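The values are calculated or read from the model by the stated rules, or taken from the named source; none is laboratory data. Predicted model only: the values in this text are computed from it and were never measured. With ideal geometry, Cβ positions are generated from the backbone for all residues, glycine too; neighbour counts draw on all protein chains shown.
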Amino acid sequence: MNPATDRLIDTRGYIFLAVLSAAAVLVPILTLVIPDESAFAMPPYLVALFGKYLCFALLAVALDLVWGYCGILSLGHGAFFALGGYAMGMYLMRQIGTRGVYAHPVLPDFMVFLNWKELPVAWWGFQSFPYAMAMVLLIPGLLAFIFGWLAFRSRVTGVYLSIITQAMTYALMLAFFRNDMGFGGNNGLTDFKDLLGFNVQATETRVALFVASCIALGGGYLVARAVVTSKFGKVVIAIRDAESRTRFLGYRVETYKLAVFVLSAMMAGLAGALYVPQVGIINPGEFSPANSIEAVIWVAVGGRGTLVGAALGAFMVNWGKTFFTGALPEYWLFALGGLFVLVTLFMPKGVIGLIDQYKVRRASKKPTAEG
Amino acid sequence: MSFTRRFMLRATGAAIGGALALASTGAAFAQGAGPIKVGILHSLSGTMAISETTLKDVMLMLIEEQNKKGGLLGRKLEPVVVDPASNWPLFAEKARELIAKDKVAATFGCWTSVSRKSVLPVFEELNSILFYPVQYEGEESSRNIFYTGAAPNQQAIPAVDYLMENEKVQRWVLAGTDYVYPRTTNRILEAYLKSKGVKQEDIMINYTPFGHSDWQTIVANIKKFGSAGKKTAVVSTINGDANVPFYKELGNAGIKATDIPVVAFSVGEEELAGIDTKPLVGHLAAWNYFQSVDNPINKEFIAKWRAFTKNAKRVTNDPMEAHVIGFNMWVKAVEKAGTIDSDAVIDAMIGVSVPNLTGGYSTMMPNHHITKPVLIGEVQADGQFNTVWQTSGLVVGDEWSDYLEGSKDLIADWRKPLSCGNFNVATGKCGGAAK
Amino acid sequence: MTRYAQGRAPARVQAISLQSQARNRFIETFSLLLAAAFVLMAALLIAPKARAQSPTDVLTYLTTDRFPDTERALNEIGTSGLATAPQIVEALAANRLLFDAAARKLYFADESGALFDAATGAPAAGISPDDLKRVRLNNAVRRSLNAARGALTLMSPDPARRRAAAEAVFKSRDASALPLVESALEKESTPAIRKKLEEARAAIIAADASAPEARRLESLETLKERGDQDALGTLATIAAASEGRVKTSAEAGVAAIQSRLAMWRNVQNVWYGLSLGSVLLLAAIGLAITFGVMGVINMAHGEMVMLGAYTTFVVQEWARTNHPELMNYSLFIAIPLAFLVTGAVGIFIERVVIRFLYGRPLETLLATFGISLILQQAVRTIFGANNREVSAPAFMSGSFDFGALSIGYGRMWIIVFAMAVFAALLFVLRATSFGLRMRAVTQNRRMASSMGIDTNRIDALAFGLGSGIAGMAGVALSQIDNVSPNLGQSYIIDSFMVVVFGGVGNLWGTLLGALTLGVANKFLEPVAGAVLGKILLLVFIILFIQKRPRGLFALKGRAVEA
């Protein structure tokens, strides 16, 4: 209907990318260049906070790609996010080296403390940054591939698919909670020191991570956009709207779904990897099904199937959470819960939908005013 | 709430990027005048709200009382309550917000070890002070954290000693929730029991997930393990939520304290308030404080607490006492230092001694842990504990356990010139984490 | 590094530093020695008294507020010839034994609180209980108490108490109780209690090294026949403590009982599995209506269960303060009330939110998730974040033996209740006009509407029905789990698994799914551990869904594609 949606970057996309680039340029200046006393200086804690939101936004974009465009409601995207986070966390743990409290050259603190003697095989190679980064993409990608290959081939759809994705993340959460798994159990991985030789707590590193998150989000958006505007993307959207018909037309539905699902999982993994050094901890709580549901809600709040809306929703909901947990610590769940109900009832297309509606109304008013 | 509005404006401003100029009209908060802010970082929602909400209330009461006495350094105290919602990364975020935005002088908070681990780097980076009120596994000593709960030697080892001497226990079930506190405590206990001549086949270790609710199989196994002809006891490090179904199942299975006593380290008056304790009479708990401790200072505290919460049946527990001690210590240290500056207060803290609620004095040691008496209590039909044994003196919290291989040579001493959280007495070197 | 601070004076504590490690070790050792010396001295002081056994001495022991003295008094009270001994023992057991520490006088109170002098049994006038201290108990004292009570109540007119007394003697194996057991055996006419008494006698004789070997061997056989966990413990103790033929015979008994118990373990696993399965069924069956039949992904389902549990709490609180006599029946009041309360909440939610979202199942997920947050926080605000106490009525406490299996009444009634709820629900859906209408609406809404069914009303009632059933489940779950705002959260995922595994839209599937998962869990748990067992089951469900994408019992026909 709208020809603009076929362009790689539509108007909405331009605004989104412009805001991201502005943030990527201005935040370093405001934080690092402008002296602290100035009214324009941005306190470092806000950098970490917004960096975190950017990671959530990338997760939301990834989720919107599968849900909004392919109709796969994944209630387990938090699992891919967390796996990416763990891969990054393992790299950061290996970087601590002898600076851990027990000063063990190889084993992370929690292993010394539980009397482990050797580094488990799963941890091998994580001292190398390129290897760890490859794992950030490969592990979530592989899990998504295996899971999707099984599920899409046997045509598990709708709520069944949603519930088994939930089972997947729940099983992973239980598994990572086990100390015997060797990923730090409930405490997870924490007390990071260096990232590529830079102190993760230094403001400069935080700013760099912030900029990296901006770039990742922008990149993720462009990739998602490229997918959905391509011919391949048209088929994907067709699958969302009428899966059986698309299959009857001769498309291998499961292959398309699998490709989108794997791509989305990798984006989520990348988001997790950027998230971990900025918040300073990764633990099995990230796998909890409630987290994945929340991610779905970000997308719904922003507007499903719009990509920009997903990012916007992630930003708004998380910012609201930050604000309300401080301002109304005992009542914020009412606000958050109420928001979810109101959004589903009154804004079925999310914030972006609301904006569009407003535009349409203005556009339809104009001719009547003139005529 | 002007600060939140400003924060909101600033947040939005930064999000949009360029619009920041509109927002940050105010300068950074002046710290010299006005009230002294005290951060309260306890989960008010999510799974840990069960335990932590009470601690928030006790902090509010202590601050209110201090203000009635004229505040601190001539300034009022102002509590800043946030809700980290049992979400560990959110703990770190909220800690950062408290320190960097609200400029709190000290923070009282956390319950789980993971929440403490999550905020630890934040407190160290921004050089602020955290008081941590819960019994934990030890193996940590940070310059910026004061541990007012029990270390394993202030709870677990005396409890095992008691059972060995008074109940002649020879067979041990170490049952815990699968996370770091039970893992470490059980490891320490296993080494300790073996050093006392207990054989491997007389120790059964069992881990269950958080919130485990179906205990039939495990209770049956305990019963089976206990029928080998030797006196058996269960040492439980089962975490909060899972305890109610566990004890209910024990009652259902007819395991009485006279047959197989269970000694718990995470079950206090608050937890028992949710259970019908009649079938549990005689099961034990080891803490550093019981509500039933009979002395005037405790009675006064209970009365004040009940008046504050407007609930005549409200119970008190050990972590609450830890906050009372921690808060009083902090007040004393600030008065001693004459400032709320973190470095000065951290230095002033060591050696500060305040009355605890069991009738003695607790002192902050150079390892940032405190001295405490150890009490063993038996569950009564009214949900209270009856103290059946007590250490004669005070026990110093031992941050690095002697029974763990990695930590037996480590000590912490934050006084100058050593100023180290993990000094290795064998190599004479301070480990990596210390600043 | 362990350090002990001996003094309470801050100055001394401060003095302890790194350099004085060695000295601290010395202090530690010294204090241990000191303690040992003290104990020795105390023992010497008490020793001469121990020989005397006059009734007054026994009473004095009870006034020292020391557990070992109390224990000693209990051991000697039976042979002291004190006329008031039974009352004293009963009062101690009921926490009604009081003493005046200064005057060294002992009193007991009766149920009404009236005081009596323990030495004479005469009413004690002019003494207020507030001036007295309670004689405290610990486990060691409680054990002696049970033994003493056992010996004293073997002849009780109440059969239940005689039975309990025989069990107490069996456990204590107190040789001094043997004559009492023998004389009780002569008078006992109830066969079951006779058996218990014989077992108690066998336990005493078998454990008594001075008894003739032939009698000991005979007694060991009796123990072996008893064949349960307690007999196993007794035999194992005897095997460890004796030699020769007694030892071999006891060991043979241990082996025999162990192999018998190993066989019973499978039965036990099935029973535990059924019990867990019925809990899952209760949690999931309401969801089978709201999710399975109506297609609403109801994330607030767990909160309905929680509301049911809180209803139970409120009912019990009300009964406790206003009608204590109703406490035992509180659950019967709570069940219909919970159904009505949660049903009403369900209808309210359906009318206000869900009815706008039919046909958009994924949106219902988001809205109900929001509702679940609101409900949790509302309960937290009203009742506080702490657990609330819900007590078990008498008929749900305790257990009975079935072979080597100990079956708790609580668990048993929960299974019965789950099955009853299932049957009732099935009846409602199959045999009532409401059920017919409901099935019509879910199968083909427009057609049903054209036939004159008020679909709006049916939707609301169906959602209310599902929620109400969840509330009734909450009443049952309050008996075995925490009553806290998080209660629902711990069941919601399991409930979805059960419904999806069983097949959406099929009640029988839910039943079979719940029981299968329960039993499978209980067979996996001893092998793989609780956590791994659960993970394996989740993986199994994921794989199972690949094989049968619509669960155990798939709906067939047109409804599938809707």
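May I ask you to say which residue of B:GLY421, B:GLY393, B:GLY377 is away from chain A (no Cβ under 14 Å), touching a residue at least 12 places away in the same chain (Cβ under 8 Å) and either out of contact with any Leu (no Cβ under 8 Å at 6 or more places or on another chain) or more than 29 Å from B:VAL160 (Cβ to Cβ) (or both)?
Details: B:GLY421 fails: away from chain A (no Cβ under 14 Å); B:GLY377 fails: either out of contact with any Leu (no Cβ under 8 Å at 6 or more places or on another chain) or more than 29 Å from B:VAL160 (Cβ to Cβ) (or both).
The match here is B:GLY393.
For the stretch B:32-82, which residues satisfy the criterion of being assigned to a helix (DSSP H, G or I) and within 14 Å of another protein chain (Cβ to nearest Cβ)? Full working, then the answer.
Start the filter on the stretch B:32-82 by keeping residues that are assigned to a helix (DSSP H, G or I), which leaves B:49-68.
Once the filter is applied, which keeps residues that are assigned to a helix (DSSP H, G or I) and within 14 Å of another protein chain (Cβ to nearest Cβ), the stretch B:32-82 yields B:ALA49, B:ILE50, B:SER51, B:GLU52, B:THR53, B:THR54, B:LEU55, B:LYS56, B:ASP57, B:VAL58, B:MET59, B:LEU60.
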Qualifying residue in the stretch C:78-97 (condition: out of contact with any helix residue (DSSP H, G or I) (no Cβ under 6 Å at 6 or more places or on another chain), of a type in the set (Val, Ile, Thr) and surrounded by fewer than 18 Cβ atoms within 10 Å (Cβ to Cβ)): yes
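From the list C:ALA431, C:ALA394, C:ALA418, which one is touching a Leu at 6+ places or on another chain (Cβ under 7 Å) and among the small types (Gly, Ala, Ser)? Before the answer, list the steps.
Working: C:ALA431 fails: touching a Leu at 6+ places or on another chain (Cβ under 7 Å); C:ALA394 fails: touching a Leu at 6+ places or on another chain (Cβ under 7 Å).
Just one listed residue meets the conditions, C:ALA418.
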message: Take the residues in the stretch A:6-55 that are surrounded by 14 or more Cβ atoms within 10 Å (Cβ to Cβ) and among the hydroxyl-bearing types (Ser, Thr, Tyr); name whichever of them is nearest to A:GLY85 (Cα to Cα).
response: A:TYR53
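Under 20 Å from A:GLY219 (Cα atoms) and under 13 Å from the mean Cα position of the chain (by Cα), is that true of A:ALA268? Outline the logic, then answer.
Working: under 20 Å from A:GLY219 (Cα atoms): yes; under 13 Å from the mean Cα position of the chain (by Cα): yes.
Considered against the rule, which asks whether it is under 20 Å from A:GLY219 (Cα atoms) and under 13 Å from the mean Cα position of the chain (by Cα), A:ALA268 comes out as yes.
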- request: Output the number of the condition that B:LEU174 fails; it satisfies all remaining conditions of (1) at pLDDT 85 or above; (2) within 11 Å of chain C (Cβ to nearest Cβ).
  value: (2)
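So that you can scan it fast, the table gives a plain yes or no per residue for (1) in a loop (DSSP other than H, G, I, E, B); (2) more than 8 Å from chain A (Cβ to nearest Cβ); (3) of a type in the set (D, E, K, R); (4) under 18 Å from A:VAL200 (Cα atoms):
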site: B:GLU93; (1), (2), (3), (4): no, no, yes, yes
site: B:TRP111; (1), (2), (3), (4): yes, yes, no, no
site: B:GLN135; (1), (2), (3), (4): yes, yes, no, no
site: B:GLY138; (1), (2), (3), (4): yes, yes, no, no
site: B:ILE157; (1), (2), (3), (4): no, yes, no, no
task: Determine which single condition B:GLU93 fails, assuming it passes every other condition in (1) buried (at least 24 other Cβ atoms within 10 Å of the Cβ); (2) in contact (Cβ under 8 Å) with a residue 40 or more places away in the chain.
output: (2)
- line: In the stretch A:176-190, anything more than 7 Å from chain B (Cβ to nearest Cβ) and without any contact (Cβ under 8 Å) to a residue 60 or more places away in the chain is listed as A:ASP180, A:MET181
query: Going by the conditions given, is A:LEU209 more than 18 Å from A:GLY148 (Cα to Cα), more than 14 Å from every other protein chain (Cβ to nearest Cβ) and in contact with an Asp or Glu (Cβ under 6 Å, 6 or more places away or on another chain)?
result: no
message: Exactly one condition in (1) surrounded by fewer than 24 Cβ atoms within 10 Å (Cβ to Cβ); (2) within 27 Å of A:TYR91 (Cα to Cα) is false for A:PRO284; which is it?
response: (1)
field: Criterion violated by C:ALA338 - all others in (1) of a type in the set (A, V, I, L, M, F, W, C); (2) under 13 Å from C:SER478 (Cα atoms); (3) under 21 Å from the mean Cα position of the chain (by Cα) satisfied
entry: (3)
- line: In the stretch A:25-57, residues that are more than 9 Å from chain B (Cβ to nearest Cβ) and part of a helix (DSSP H, G or I) total 10
- line: Considering the stretch A:290-305, residues that are surrounded by fewer than 24 Cβ atoms within 10 Å (Cβ to Cβ) and over 14 Å from the mean Cα position of the chain (by Cα), and then whichever is farthest from the other protein chains (Cβ to nearest Cβ), we arrive at A:GLY305
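Please state which one of C:SER372, C:SER330 is over 30 Å from A:ALA335 (Cα atoms), in contact (Cβ under 8 Å) with a residue 24 or more places away in the chain and hydroxyl-bearing (Ser, Thr, Tyr). Write out each step before concluding.
Working: C:SER372 fails: over 30 Å from A:ALA335 (Cα atoms).
Of the residues listed, the single one that is over 30 Å from A:ALA335 (Cα atoms), in contact (Cβ under 8 Å) with a residue 24 or more places away in the chain and hydroxyl-bearing (Ser, Thr, Tyr) is C:SER330.
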query: Quick one: what pairs do we get from the stretch B:239-261, first residue closer than 16 Å to B:LEU174 by Cβ, second among the acidic types (Asp, Glu) and buried (at least 23 other Cβ atoms within 10 Å of the Cβ), C-beta under 9 Å, 6+ apart or different chains?
result: B:ASN243/B:GLU271; B:PRO261/B:GLU378
message: Can you find a residue that is within 22 Å of C:ASN486 (Cα to Cα) and modelled with pLDDT of 90 or more anywhere in the stretch B:58-80?
response: no
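Of everything in the stretch C:184-195 that's closer than 15 Å to C:SER156 by Cα and in contact (Cβ under 8 Å) with a residue 12 or more places away in the chain, which residue is surrounded by the fewest Cβ atoms within 10 Å (Cβ to Cβ)? Even if it seems obvious, please write down each step before you answer.
Looking only at the stretch C:184-195, we keep the residues that are closer than 15 Å to C:SER156 by Cα, and these are C:184-190, C:193-194.
From what is left, the residues that are in contact (Cβ under 8 Å) with a residue 12 or more places away in the chain are C:184-185, C:187-188, C:190, C:193.
Numbers: C:ALA184: 24, C:LEU185: 16, C:LYS187: 10, C:GLU188: 21, C:THR190: 12, C:ILE193: 21.
Among those that are closer than 15 Å to C:SER156 by Cα and in contact (Cβ under 8 Å) with a residue 12 or more places away in the chain, it is C:LYS187.
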message: Let me confirm something: among B:LYS194, B:LYS223, B:LYS230, which residue is surrounded by fewer than 23 Cβ atoms within 10 Å (Cβ to Cβ) and in a loop (DSSP other than H, G, I, E, B)?
response: B:LYS230
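So, of the residues in the stretch C:305-321 that are touching a residue at least 40 places away in the same chain (Cβ under 8 Å) and among the aliphatic types (A, V, I, L, M), which turns out to be surrounded by the fewest Cβ atoms within 10 Å (Cβ to Cβ)?
Looking only at the stretch C:305-321, we keep the residues that are touching a residue at least 40 places away in the same chain (Cβ under 8 Å), and these are C:305-313, C:316.
With among the aliphatic types (A, V, I, L, M) added as a condition, the list becomes C:305-307, C:309.
Numbers: C:VAL305: 34, C:MET306: 31, C:LEU307: 25, C:ALA309: 27.
By that ranking, first place goes to C:LEU307.
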- request: State all residues of the stretch C:379-394 that are under 13 Å from the mean Cα position of the chain (by Cα) and more than 10 Å from every other protein chain (Cβ to nearest Cβ); if no residue qualifies, say none.
  value: C:PRO393, C:ALA394
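Looking at the stretch C:478-499 only, could you name the residues that are touching a strand residue (DSSP E or B) at 6+ places or on another chain (Cβ under 9 Å) and either farther than 17 Å from C:GLU317 by Cα or within 9 Å of chain B (Cβ to nearest Cβ) (or both)?
At the first step, the residues of the stretch C:478-499 found to be touching a strand residue (DSSP E or B) at 6+ places or on another chain (Cβ under 9 Å) are C:478, C:482-484.
Selection gives C:ASN482, C:VAL483, C:SER484.
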- line: Note: among C:ALA338, C:ALA334, C:ALA420, just one is more than 14 Å from every other protein chain (Cβ to nearest Cβ), of a type outside the set (Ser, Thr, Tyr), in a helix (DSSP H, G or I) and surrounded by fewer than 17 Cβ atoms within 10 Å (Cβ to Cβ), namely C:ALA420
Residues satisfying the stated conditions in the stretch B:359-383, i.e. within 17 Å of the chain's Cα centre (by Cα) and hydroxyl-bearing (Ser, Thr, Tyr): B:SER362, B:THR363, B:THR371
field: Entirely in the stretch B:284-395, the strands (runs of 3 or more DSSP E) that have 2 or more residues that are surrounded by 24 or more Cβ atoms within 10 Å (Cβ to Cβ)
entry: B:284-287, B:361-363, B:375-379
- prompt: Are there any pairs, at least 6 apart or on different chains, whose C-beta atoms fall under 6 Å, with the first in the stretch A:330-348 and at the interface with chain C (Cβ under 7 Å from one of its Cβ atoms) and the second surrounded by fewer than 18 Cβ atoms within 10 Å (Cβ to Cβ), and if so, which?
  reply: A:LEU345/C:PHE356
